[in-house]
Structure formats: C-alpha cells, structure tokens
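Visitor: Just passing along the structure, written as structure tokens.
No value in this document is a laboratory result; all are computed from the given coordinates. Everything quoted here is computed from the prediction, not taken from an experiment.
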Amino acid sequence: MRLPRLYPITDPRLSGLSHAQQVRRFAEGGANFIQLRDKWATPKAFYEAALEAMQLARSLKVKIIINDRVDIALAVDADGVHLGQDDLPPSQARALLGEKKILGYSTHDLKQAMVADSMPVDYIAIGPIFQTATKVNPDPVIGLEKLAQVKSQLAKPLVAIGGITLSQAAVVLAAGADSLAVIADLFATGDPAAQVKAYQRLDAEAAT
C-alpha cells in the first residue's frame, strides 16, 4: 500500500479535543489517513467516540485506523486496525477483518520488524525514533541509524513514530521512513490544522 507522508494520531487527553474534533482539524490541514488512539477510555466510550469520528470521516473522505481494538474497528466499520506487540496477533486479526481492511503493526527493533515483514500486515511501524512523552513506559529509542537499517531489510512500507517534530521530519524521511506518525507535535502550536499543513508543505518541498 502507499502511505501518506504524514500519519496523524489522535490523543484526547493531550489535545483536549474529541476524536471527531481532531479528525476534523487534521482533515482541514489536508490529512486523509488518521489513527484513533485512546489508551484511557472504556471500550464503550471509545466505541461511541470512534463511531462519531467515523461518521465525520466518511463525509470528509478520510480513512480511519483504530488503535489496538479489532472489535471496535469492526463495530464502526473502520478502514483498518493498528496493533501492538501485546495485542491480538496479526494473523488472527486478519482472519476477523478480511483482506480488504488495512492492518498495521508496531515494532521496536530490527528483529521484530523482520518478523512482521512476513506477517499479513500492510505496513510496519518502528519506534520510538526519539524520546516520547505520549506513551507510558516507552521502549528504547531507535534513532535514525537503526531506522535506516530496518528500512533496508523490509519489503513493506515503514512508519516512523515517537517524538517526531516538524524540525526533525526531513531527516527522518531521509533515513528511510515512508510515513511519519505524529501525535504531540500536531498540538504544539495550538492549531492542529496549521501544523498538519506545515508537514504537508514539507513533503511537497521534498518532492520538488
């Protein structure tokens, strides 16, 4: 699959906005592929928030990926799921989702990424690239050199995540990332739409 260069991820606690509000603001900036992530909501609350976000996303022609929860993704008919190392194994998730849904998988080192490359997933995420404050007990930092090493060994698209900011985006892409998953930096200026636009301009400049 072809991933967009920017892969925004929602965070209600960090942003103070609902998932739907974040989707709207990201879409206003030009994002069309967004992950809904909520580590604190109850399953019912996350389902209700995801359903609201999905209804908006359909009208905006935005693809929605649900973090961790295959059941909620199925319940709201999301475009896909992103799984972590401790979630449902990708093979079982694929059996439930079918072949048409998008399936992403988080890894934290070269060995995990190599294993994931043979799994029934559409893209692989690697991180944290830099220090991050959006995850409790984060894995060890990967860094740019290891990111490049991982990219050289994979056939599937690679998403870089963890502590990425606009000022670092170009070097992360240059190291081999196909896409940048960003959370905190999208809210750093208080204007998520403008921040998404800034990332989009960076990608446009790189293409010229």
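Visitor: Would you calculate a helix-derived [θ] at 222 nm for the chain, using -39,500 (n - 2.57) for each DSSP H run of n ≥ 4 and dividing by the full residue count, to the nearest 500?
Guide: -12500 deg cm²/dmol
Visitor: Return the long-range amide H neighbours of LEU6 (sequence gap of 5 or more, or a different chain), with a cut-off of under 5 Å between placed amide H atoms.
Guide: Under 5 Å from the amide H of LEU6: LEU180.
Visitor: Can I ask one more? Report the relative contact order of segment 31-92, percent, no decimals, based on alpha-carbon pairs under 8 angstrom and at least 6 residues apart.
Guide: Numbers: 73 pairs, mean separation 20.3, N = 62.
Value for segment 31-92: 33 percent.
Visitor: Roughly what % of DSSP beta bridges within the chain run antiparallel, to the nearest 5?
Guide: Details: 0 of 25 bridges.
The antiparallel proportion sits near 0 percent.
Visitor: On a C-alpha basis, how far is the centre of segment 16-88 from the centre of segment 149-197 in Å? Whole number, if you could?
Guide: Cα centroid of segment 16-88 versus Cα centroid of segment 149-197: 19 Å apart.
Visitor: Also: Using a ≥ b ≥ c from the Cα gyration tensor of segment 138-195 (square roots of the eigenvalues), is it rounded, prolate or oblate, where a/c under 1.5 gives rounded and otherwise the larger of a/b and b/c decides, a/b for prolate? Kindly include the intermediate steps, with their values, before the conclusion.
Guide: On the way: a/c = 2.37, a/b = 1.93, b/c = 1.23.
In terms of gyration-tensor shape, prolate.
Visitor: To continue, here is another question. Mind telling me which of ASP117, ASP178, ASP86 comes out most flexible in a GNM of the chain, alpha-carbon contacts under 10 Å?
Guide: ASP86
Visitor: I need to check one value: relative contact order of the chain, counting alpha carbon pairs closer than 8 Å and at least 6 residues apart, in percent.
Guide: Values: 391 pairs, mean separation 44.0, N = 208.
In percent, rounded to a whole number, it is 21.
Visitor: Given the convex hull of the Cα atoms of the chain, what is a quarter of its surface area in nm²?
Guide: Numbers: hull surface 42.1 nm².
Taking a quarter of the hull surface, the average projection is 10.5 nm².
Visitor: What is the set of long-range amide H partners of ILE65 at a cut-off below 5 Å, with H atoms built 1.01 Å from backbone N?
Guide: ILE34, GLN35, LEU36
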